Each structure stands twice: as C-alpha cells, then as structure tokens.
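Report on one structure; see the data block that follows.
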C-alpha cells in the first residue's frame, strides 16, 4: 500500500513538472507569435510608405510638367496647393507639440 502511495506521489510530482514546462512552452509560443505579428505590421507599414513615395514622385513629376507648360492658372493652383500644405503641416505641428 505504501509503495502504491509513493508511486502516486511521484506521478503527481512529475505531472506538476510537466504542466509547468507546458505552460512555459506556451508562453514562448505566444511571444513568438506576437513578435511575428509585429514584424508583419512593420512590413506592411514599409510597403505603404514605399507606395506613398512612388505616388508622391509621380505627382511631383506631373506638377513639374504642368508648371513647365507655362499655364499661369496652373502655376497659381500649384502655388496655392503648396501654401495650403505648408499651413496644414504648421497647424498639425502646433496641435501635436
């Protein structure tokens, strides 16, 4: 009887050890998943900025062609857009800081 009790106690002890190892492994797995998800967000942000850069370069090229065409109304529109952008950025800067 005593021998069966001792084996049961050893089994319970090993079961507790195994449960703690499984919990630790689960924590590591969750950390790896969170890190991979964060990396995916960084990659998506990088792709968004790359796309924005390409779009901005295309817009700048079109605006340069428009200004080079000599159309005074187009040049005034371009100047108005630039002034508006500067004012909005100034306003946002003072709103944040």
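The values are calculated or read from the model by the stated rules, or taken from the named source; none is laboratory data. These numbers come from a predicted model, not from an experiment. Glycine also receives a Cβ, built like all others from the backbone with ideal geometry; neighbour counts cover every protein chain displayed.
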Test residue 90 against the stated conditions and say whether it is surrounded by 10 or more Cβ atoms within 10 Å (Cβ to Cβ) and modelled with pLDDT of 85 or more. yes
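For segment 30-52, state whether one or more residues are assigned to a helix (DSSP H, G or I), modelled with pLDDT of 90 or more and surrounded by 10 or more Cβ atoms within 10 Å (Cβ to Cβ). So that I can check it myself, show each step before the final result.
Within segment 30-52, the subset assigned to a helix (DSSP H, G or I) is 30-52.
Still in the list and also modelled with pLDDT of 90 or more: 30.
With the extra rule that they be surrounded by 10 or more Cβ atoms within 10 Å (Cβ to Cβ), the set shrinks to 30.
Taking every residue of segment 30-52 in turn, at least one turns out to be assigned to a helix (DSSP H, G or I), modelled with pLDDT of 90 or more and surrounded by 10 or more Cβ atoms within 10 Å (Cβ to Cβ).
Got a sec? Which of 76, 15, 25, 63 is touching a residue at least 12 places away in the same chain (Cβ under 8 Å) and part of a helix (DSSP H, G or I)?
Numbers: 76 fails: touching a residue at least 12 places away in the same chain (Cβ under 8 Å); 15 fails: touching a residue at least 12 places away in the same chain (Cβ under 8 Å); 25 fails: touching a residue at least 12 places away in the same chain (Cβ under 8 Å).
Within the list 76, 15, 25, 63, the selection yields 63.
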